[in-house]
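Only one structure is covered here, and it is reproduced in the block below.
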């Protein structure tokens, strides 16, 4: 058998294993985000994303970005569904594929006064509006000295989504992230890869470490939750028997991050985090080396989506 035939055989086997995993998990979404994405746009929405354009990328901005991708920040039904700020606003933009049952009208819209998400703003009227692009300044002032943006974000978390009261440092990071966003061509999209998610895990953990060093436990815990959420997004795409080792390593890395929250002494936390980082470096390589066999591979994802639709 020549090399080309061998590669085709391996690729066909990967598709078969992936589709088998899809069939085994037929009672749930292949990828969680499919539950709030327009089926007609699944492939594009799950393989690409708008690039992140930011005027600054300092540590506070990266912490804000991590929080922006953290479902637990919103709490309530949104957190249970796996929704974060980024679910509606991809890298701060809008999301033309967003289509949440009984919350969206047309794709790219959401009813921000839905009782499903909020016990404060529910108005018993179905009135979805277009999801705004946060890179384009709106009615809320973004001037740092006005604090209007911080209040607006706070009200969204607490009133629109029933989330817990955010601390000043959490609000400051989120507001700094939004203020840092800059506009880009609406049609521009880039490939969504596992490396994107791995970098995000790295950034969230580093931000959590710095927050812990400042004795900001609330912020540190949310950032660790963000890192775990990103690991979960990776885990769901590593389907099939050939990636069992990778899935086990991801689960272990996530579980150990969760355990870090229970450590009370800062010194003990630093030691435990350093140990975690050593193991995670090996996990990171293990994951990266097999990306081509995961659902980050557009061809494998396309085959799996087709199988899931049948």
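How much length is gained if the chain between residue 167 and residue 56 is pulled fully straight, taking 0.36 nm per residue apart and subtracting their Cα-Cα distance, in nm to one decimal?
37.7 nm
Just want the ordering: 34, 61, from fewest to most Cβ atoms lying within 10 Å of their own Cβ.
Going from least to most buried by this count: 34, 61.
Expressed as a whole number of Å, what is the distance separating the alpha-carbon centroids of segment 29-75 and segment 208-226?
20
So what is the relative contact order for the chain, in percent, with contacts set as C-alpha pairs under 8 Å and at least six apart?
Result for the chain is 23 percent.
With an 8 Å Cα cut-off and a minimum separation of 6 or more residues, compute the relative contact order for segment 115-181 in percent. The partial results should precede the final answer.
Values: 50 pairs, mean separation 24.0, N = 67.
Relative contact order, segment 115-181: 36 percent.
Given a Förster distance of 45 Å, report the FRET efficiency between residue 136 and residue 299 from their Cβ-Cβ distance, rounded to the nearest 0.05.
About 0.80, to the nearest 0.05.
What number, in nm² with one decimal, is the all-direction average of the projected area of the convex hull of the alpha-carbon atoms of segment 48-180?
For the Cα atoms of segment 48-180, the hull's average projected area reads 7.8 nm².
What is the distance, in nm, between label points placed 7 Å from the Cα along the Cα-to-Cβ direction at residue 116 and at residue 309?
For the pair residue 116/residue 309, the computed spacing is 2.3 nm.
Counting C-alpha atoms alone, how compact is the chain: give Rg to one decimal and Dmax as a whole number, in angstrom.
Values for the chain (Cα only, Rg and Dmax): 20.1, 70 Å.
Separation of segment 77-98 and segment 141-165 by C-alpha centroid, Å?
First find each Cα centre; the distance between them is then 17 Å.
Do you know the relative contact order of segment 48-180, to the nearest whole percent, from alpha carbon pairs under 8 angstrom that are 6+ apart?
29
Can you give the extra length, in nm with one decimal, that the chain gains between residue 127 and residue 245 once fully stretched, where that is 0.36 nm per residue apart less the Cα-Cα distance?
Extra length from residue 127 to residue 245 when fully extended: 37.8 nm.
Ranked by Cβ crowding within 10 angstrom, fewest neighbours first, how are 74, 192, 223 ordered?
Values: 74 24, 192 20, 223 28.
Neighbour counts put them in this order, fewest first: 192, 74, 223.
Based on DSSP H runs of at least 4 residues, each adding -39500 (n - 2.57), what is the mean residue ellipticity at 222 nm of the chain after dividing by all its residues, to the nearest 500 deg cm²/dmol?
Using -39500 (n - 2.57) per qualifying helix, the result is -17000 deg cm²/dmol.
Please rank 212, 256, 154, fewest neighbouring Cβ atoms within 10 Å first, as an exposure proxy.
256, 154, 212
FYI, it's all coordinate maths here, none of it is from the lab. Small disclaimer: the values here were computed from a predicted structure and weren't measured. So basically every Cβ, Gly included, is an ideal-geometry build from the backbone, and we count neighbours across all protein chains shown.
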